[in-house]
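Inspection log for the structure reproduced underneath, given as structure tokens.
The values are calculated or read from the model by the stated rules, or taken from the named source; none is laboratory data. As the structure is a computational prediction, the values presented were derived from the model and not from experiment. Don't worry about glycine lacking a Cβ; one is built from the backbone with ideal geometry, like all the others, and counts go over all protein chains shown. Note: accessible area is taken over every heavy atom of the protein model, side chains too, but ligands, DNA and RNA are not part of it. Shrake-Rupley method; radii C 1.70, N 1.55, O 1.52, S 1.80 Å.
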There are 2 protein chains.
Amino acid sequence: MDAQLKILDIHEVPLVCRGCDARHNGVCSTLTPHQLTELNKHSQRKAVEAGTELIGQGQQVHSYSNILKGVVKLSKIMADGRQQIVGLQFAPDFMGRPFHGESLMAAEAATDTELCVLPRKILERMISESSELGSRLHNQALTELDEARDWMLTLGRKSAREKVASLLVLVAAHADPDRLGDCAFELPLSRADIADFLGLTIETVSRQMTKLRKDGLIHIENNRQVYVPDLDKLAVTAGGD
Amino acid sequence: MDAQLKILDIHEVPLVCRGCDARHNGVCSTLTPHQLTELNKHSQRKAVEAGTELIGQGQQVHSYSNILKGVVKLSKIMADGRQQIVGLQFAPDFMGRPFHGESLMAAEAATDTELCVLPRKILERMISESSELGSRLHNQALTELDEARDWMLTLGRKSAREKVASLLVLVAAHADPDRLGDCAFELPLSRADIADFLGLTIETVSRQMTKLRKDGLIHIENNRQVYVPDLDKLAVTAGGD
DNA sequence: CGATAATTTGAGTGAGGTCAACTTCTGTGG
DNA sequence: CCACAGAAGTTGACCTCACTCAAATTATCG
């Protein structure tokens, strides 16, 4: 590519998009500066605090979002109130299912969260135009499918202790992707959320956390601050894969 | 489109593809007669009997398949032998994950099954060339993701009775898509498979089936022949959604 | 018809649920 | 800075649903 042109292109990237994680590692990385500018005219940054419902189960979808910061939980709720978290989305994930009018789950901010909200129509037009964007979204869908299936094994076949260890390993992997050995992070989920993700009760989660602590596998401070001295050991406790 | 040309096109569809379900409702429906002919040069029909392993967990992928007949189970196995079925694929589903060298689960024929086996390289080239094929696969991935997440709710939050009822509703839906009221079908899974799909033991599955039978919600003959007098009632027992 | 596998049934046990009390955090206002 | 209130998390006692192990029954196939 012509060097001069390339420099020009870079300068055309909208201000707010520069340095945005979604543009580097998320779906926006496939867009041209022109497309970014176009999208940017209609996109909107939004900060929401923990606990905010972003969309309800069965509700009409009017927009999609990039998660810029924070963690969003996706959950299904039964008529009698039983709840199961079916996925966690971390920055810079794309949120929403294009071309599907009605949301099949609820999405709620688990932590304080920043979003880049994209109107439905505009994004869907861009997907039709850019096969690269489509295949990027295809890839994310496949990754989420893998994660969902891994979690099915956890839900169906693991003990409470293994389940809790699995969750800690999962969060550790997102907090510090290539960290080996030890690792520290803040839990983005309350005990109630963890229970809903693992198919357990709050009490069982609490008991297993206490046991893992007494066994020296984790240290906890202020309920949310976790330190894992040996990630491998914890992974083995999680069912070892 | 020119009528004459269209007739010619139809005649160019390879013989074996005419009347094939995958061409009408599966991924092949997006292909042109020319592409079908090209693909057909390298594809191969294959009949396998129940219990045949199609690919092992962690094994290299050399081909993809359309399922023409039968049911395939996808499962994850832990180091100590615990197993979880993470998905069922019915005809005319496409099987395999393009551009991903290593299979993350095992695939095994649950019933006697017929496949149309497509070599990896050829299919991947066609995906790059045809955005329609790509979006078709994207859609199947999203459908599978929805199913996986529905099943997470089943695994995490439902009782044994609800789980067994959920499975029966799932199979009924595939056997007889728009049948309301009553419905009869043959179970494609053994009790052991059902247990591995529901995260239960064989014994618990058996006991719950007996209870559903005694409650008049289902009739069973020869272990595999199921008759459901009232699908709605069964769906309510499954957790009602 | 006999052999083997698949399924059902029974008795006893245990992991995780339920309910309730207690402790620890967090944030607010005096 | 402390006192207090409400929320979040922990701990204990007890119970239940699903698991385990074992035996009986039924289906399948040569």
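Annotations for the structure displayed:
- Any chance B:Val117 is within 16 Å of DNA strand C (Cβ to nearest atom) and under 21 Å from B:Arg23 (Cβ atoms): no
- Apart from one condition, B:Glu102 fits all of (1) at pLDDT 95 or above; (2) in contact with a strand residue (DSSP E or B) (Cβ under 8 Å, 6 or more places away or on another chain); the exception is (1).
Yes or no, residue by residue, for (1) of a type in the set (Gly, Ala, Ser); (2) within 11 Å of another protein chain (Cβ to nearest Cβ):
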{"site": "B:Lys121", "(1), (2)": "no, no"}
{"site": "B:Ser128", "(1), (2)": "yes, yes"}
{"site": "B:Ser135", "(1), (2)": "yes, yes"}
{"site": "B:Ala148", "(1), (2)": "yes, yes"}
{"site": "B:Ser159", "(1), (2)": "yes, yes"}
{"site": "B:Lys163", "(1), (2)": "no, yes"}
{"site": "B:Ala172", "(1), (2)": "yes, no"}
{"site": "B:Leu180", "(1), (2)": "no, no"}
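- A:Ser130 under 28 Å from A:Arg23 (Cα atoms), open to solvent by less than 40 Å² (accessible area, probe 1.4 Å) and not aromatic (Phe, Trp, Tyr): yes
- Positions within the range B:104-119 being within 11 Å of chain A (Cβ to nearest Cβ) and either within 21 Å of B:Ala91 (Cβ to Cβ) or free of Cβ contacts under 8 Å to residues at least 40 places away in the same chain (or both), in sequence order: B:Met105
- Test: residue in the range A:216-228 that is surrounded by 20 or more Cβ atoms within 10 Å (Cβ to Cβ), within 16 Å of DNA strand C (Cβ to nearest atom) and under 19 Å from A:Ile85 (Cα atoms): no
- The range A:203-241, residues that are within 14 Å of chain B (Cβ to nearest Cβ) and within 9 Å of DNA strand D (Cβ to nearest atom): A:Thr204, A:Val205
- Taken over the range B:190-218, the criterion of being outside any helix (DSSP H, G or I) and under 24 Å from the mean Cα position of the chain (by Cα) is satisfied by B:Ser190, B:Gly199, B:Leu200, B:Thr201, B:Ile218.
- Helices (runs of 4 or more DSSP H) (entirely within the range A:69-188) containing at least 3 residues that are more than 15 Å from DNA strand D (Cβ to nearest atom) and in the same structural domain as A:Arg224 (by TED's automatic domain parsing): A:160-175
- Among (1) crowded, with 20+ Cβ neighbours inside 10 Å; (2) of a type outside the set (A, V, I, L, M, F, W, C); (3) in contact with a strand residue (DSSP E or B) (Cβ under 6 Å, 6 or more places away or on another chain), the one test that A:Asp176 misses: (1)
- Within the range A:221-238, residues that are over 9 Å from A:Cys183 (Cβ atoms) have Cβ atoms under 6 Å from residues that are of a type in the set (D, E, K, R) and surrounded by 15 or more Cβ atoms within 10 Å (Cβ to Cβ) in these pairs: A:Ala238/A:Glu162, counting only partners at least 6 apart in sequence or on another chain.
- With respect to the conditions (1) in contact with an Asp or Glu (Cβ under 7 Å, 6 or more places away or on another chain); (2) closer than 26 Å to B:Thr52 by Cα; (3) open to solvent by 40 Å² or more (accessible area, probe 1.4 Å), B:Ile202 falls short on a single one, namely (1).
- Selected residue (criterion: nearest to B:Asn139 (Cα to Cα)) from residues of the range B:25-60 that are free of Cβ contacts under 8 Å to residues at least 40 places away in the same chain and not in a loop (DSSP other than H, G, I, E, B): B:Cys28
- Residue check, A:Ala141 touching a His at 6+ places or on another chain (Cβ under 8 Å), within 12 Å of chain B (Cβ to nearest Cβ) and surrounded by 16 or more Cβ atoms within 10 Å (Cβ to Cβ): yes
- The condition of being farther than 23 Å from A:Gly81 by Cα and either of a type outside the set (D, E, K, R) or in contact with a strand residue (DSSP E or B) (Cβ under 8 Å, 6 or more places away or on another chain) (or both) holds for only one of A:Glu49, A:Glu38, A:Glu53, that being A:Glu49.
- Of the set (1) under 23 Å from the mean Cα position of the chain (by Cα); (2) surrounded by 18 or more Cβ atoms within 10 Å (Cβ to Cβ), all apply to A:Arg161 but (1).
- Qualifying residue in the range A:126-133 (condition: out of contact with any Phe, Trp or Tyr (no Cβ under 9 Å at 6 or more places or on another chain) and either at pLDDT 95 or above or closer than 30 Å to A:Ala172 by Cβ (or both)): no
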